[in-house]
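The values are calculated or read from the model by the stated rules, or taken from the named source; none is laboratory data. Predicted model, so just to flag it, every value in this text is computed and none were measured. In this analysis, Cβ positions are derived from the backbone assuming ideal geometry, glycine residues included, and neighbour counts consider all displayed protein chains. Ligands, DNA and RNA are stripped out before the accessible areas are found, and what is left, the full protein with its side chains, is counted by its heavy atoms. Shrake-Rupley method; radii C 1.70, N 1.55, O 1.52, S 1.80 Å.
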Protein chains: 2
Amino acid sequence: MEFLSENPDISFTSPLFAGILANTLLSTVPGISGAGPGPEKTLLTPNLDAELITDGAITSTTGNPNTPTGCPTPATITRAMMVLTGQKPLFINAGLRFPPSVPCLDAYGEVAGDPRNGDALPSAVRLFAQGERIGSFLSARSDLLVLGECVPGGTTTALCLLRALGYEASVSSSFVHNPVAIKEEVCRQALVRAKAGGSSAPLDLVRYLGDPMMPVAAGIAKTYTGTLVLAGGTQMLAVSALIKALGQPLPRVVTTSYVRDDPTANVGALVRKIGVHITYVDPGFGDLGHAGLARYCIGEVKEGMGAGGAMYLANLMGYTPTMIREAILSMVKTYS
Amino acid sequence: MEFLSENPDISFTSPLFAGILANTLLSTVPGISGAGPGPEKTLLTPNLDAELITDGAITSTTGNPNTPTGCPTPATITRAMMVLTGQKPLFINAGLRFPPSVPCLDAYGEVAGDPRNGDALPSAVRLFAQGERIGSFLSARSDLLVLGECVPGGTTTALCLLRALGYEASVSSSFVHNPVAIKEEVCRQALVRAKAGGSSAPLDLVRYLGDPMMPVAAGIAKTYTGTLVLAGGTQMLAVSALIKALGQPLPRVVTTSYVRDDPTANVGALVRKIGVHITYVDPGFGDLGHAGLARYCIGEVKEGMGAGGAMYLANLMGYTPTMIREAILSMVKTYS
């Protein structure tokens, strides 16, 4: 297959890769998130991803940047692309439990609560306004913004928001066996609460059952004047649905072919229903001779921390698929 | 007098104005700081300045952007220059007591303590490294960085650091009557503690008696690859002295002629001793027919939040002194 599912016709002179970091307490519900070595530790994953991508190593704690099952984290892929292209990434803190070890553009948000127990994100409207300020600032500093995310538990909040917005969604997972039953039950209870909330205004739905990444991303989309590309899977489709519900123009989406090929998610149908322009990156990890990367192809990890978008950006900047694959393999080997 | 004391020979295509925000508990010592309507409230001044400059108004609290004696805050001048030039400023949170209401690039620092009671800034070395990361990121997004600061109580930490580094310094103040005796007594006690600390390494001195703005600014200076201009008075001379002590090349400094003309500070002598290249901006506030601005000329406020640097940048970008003065007067009038 081709490296990109289509030839993107984008002209730019000053590209920027940014990643939005956030927490939701849903990641601490046992079994929901594969993004960390245990439910409570998922809260720290965005911080460690940002540290790995900024510094090239995690020194603030022990351990290596592999998933609990031994796959390289998507952050390793993103790091490899930053080194290859010379890009200096920006991280945006939308709401984290722990202070990051590297500088972040901070929206001064909050960790989202469990939507089964109360409003998940009381600051949804304020965080949208923070996103608008960030989009305005970044417009002056770049003309192409590839915007990834790292929100453990975020496919579950994405499921909740998509359903609340009226989409018959099923969402992807970083687990090879998507914990569909747990996600569905959380979502069912969250939707009951949201319905009782009484409003169907998009940012009210985010308040009822969303996570901090969503309003910040939608706010950025409102004011960013260059080309915006949302880099992620079903989470960025949920953001796209939110943007559409707010009546704003839809940005592009890019994700990996592994998300598209996830049989437990209905990515293609969602894309058509929302009407979003999507590009798939197929990095061909099955042919690299690395067991951990090959497992992306059989449905593990799949995407995260804007990895698909980082590969897409490298390709747009003129790096060939071969250079991209070699850079990733070389980076992964330093950790294994 | 000329608007700029010299014709700066700087070529650039992508300028950026940034301001470092920080707190030191010294601003809460009664009589030390004029940057706020009372000792405890000085801690909130950087937040309100950033809000005013970003949004054009302060909505998170009541009150107007004047000093307690009715002078327009320097942040009003900086805001006027951002509007005139279309610049979108960046704020860097080096260590604040209260979360800002607008997004900041956050170094995840801490509020500096009173240097008479213990190490003022245990995180000095870590914050220098954060500055290095920020300088590296900003190098990719700009080729001219005008870097201001807002640190209530910061002229006292500047005095402490300059003395600790061996300079016979006296420093400026935002008060028309510089509270020299209080500052001198704080400084005397801080230097006794610093001497007992046993190290004369520059970042150890910052740890003993500095504030969070200092190591972040020095770290940025270490890695920033474009033209860096430190925008401020004696506080930026203290940063320059720190940078020199660290063996790094000295960036330029720009400040207002009102700081240079402060008879209680020895700016000219310090500039020569450090060997820094300085430019003075004389905005001619005495001739504008505005009583509050005219009082800058008789020694009140003088500078702050990079106001001198913001006027300098506007001039470098081609705006005439007349346009600059009219923009400031027009902005100030909306608040009075």
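What to note about this one:
- Tabulated pairs, region A:249-263, first open to solvent by 50 Å² or more (accessible area, probe 1.4 Å), second assigned to a loop (DSSP other than H, G, I, E, B), C-beta under 7 angstrom, 6+ apart or interchain: A:Leu250/A:Gly275; A:Leu250/A:Val276; A:Arg252/A:His277
- Pairs meeting the criteria (first residue in region B:100-114 and within 20 Å of B:Gly154 (Cα to Cα) and facing chain A (nearest Cβ under 7 Å), second residue of a type in the set (D, E, K, R) and crowded, with 22+ Cβ neighbours inside 10 Å, beta carbons under 7 Å, at least 6 apart or on different chains) are B:Cys104/A:Asp106; B:Asp106/A:Asp106.
- Qualifying residue in region B:309-329 (condition: charged (D, E, K, R) and free of Cβ contacts under 8 Å to residues at least 60 places away in the same chain): yes
- Set A:Gly154, A:Gly56, A:Gly135, A:Gly113: member being over 21 Å from B:Leu16 (Cβ atoms), crowded, with 18+ Cβ neighbours inside 10 Å and not hydroxyl-bearing (Ser, Thr, Tyr): A:Gly154
- Filter result (surrounded by 19 or more Cβ atoms within 10 Å (Cβ to Cβ), within 14 Å of chain B (Cβ to nearest Cβ) and outside any loop (DSSP other than H, G, I, E, B)) within region A:119-128: A:Leu127, A:Phe128
- Region B:303-336, subset open to solvent by less than 10 Å² (accessible area, probe 1.4 Å) and modelled with pLDDT under 95, residue farthest from B:Arg252 (Cα to Cα): B:Val332
- Residue in region A:67-83 that is within 14 Å of chain B (Cβ to nearest Cβ) and open to solvent by less than 20 Å² (accessible area, probe 1.4 Å) present: yes
- Leading residue by the ranking (nearest to the other protein chains (Cβ to nearest Cβ)) among those in region A:129-148 that are in a loop (DSSP other than H, G, I, E, B) and of a type in the set (Gly, Ala, Ser): A:Ala140
- Evaluating A:Gly304 against the criteria (1) within 20 Å of A:Ile10 (Cβ to Cβ); (2) in contact with a Cys (Cβ under 8 Å, 6 or more places away or on another chain) leaves one unmet condition, (1).
- Residue check for A:Gly38: farther than 28 Å from A:Ala221 by Cα, within 14 Å of chain B (Cβ to nearest Cβ) and open to solvent by less than 30 Å² (accessible area, probe 1.4 Å): no
- Looking across A:Ile243, A:Ile182, A:Ile220, one residue alone is of a type outside the set (Ser, Thr, Tyr) and modelled with pLDDT under 95. It is A:Ile182.
- Hits in region A:164-201 - residues which are closer than 18 Å to A:Gly118 by Cα and part of a loop (DSSP other than H, G, I, E, B): A:Gly198, A:Ser199, A:Ser200, A:Ala201
- Residue within region A:204-216 that is in a helix (DSSP H, G or I), under 25 Å from A:Leu105 (Cβ atoms) and open to solvent by 40 Å² or more (accessible area, probe 1.4 Å) present: yes
- Selection count, region B:84-97, where residues are at the interface with chain A (Cβ under 10 Å from one of its Cβ atoms) and surrounded by fewer than 23 Cβ atoms within 10 Å (Cβ to Cβ): 3
- Within the set A:Arg260, A:Arg252, the sole residue that is among the charged types (D, E, K, R) and over 22 Å from A:Ile10 (Cα atoms) turns out to be A:Arg260.
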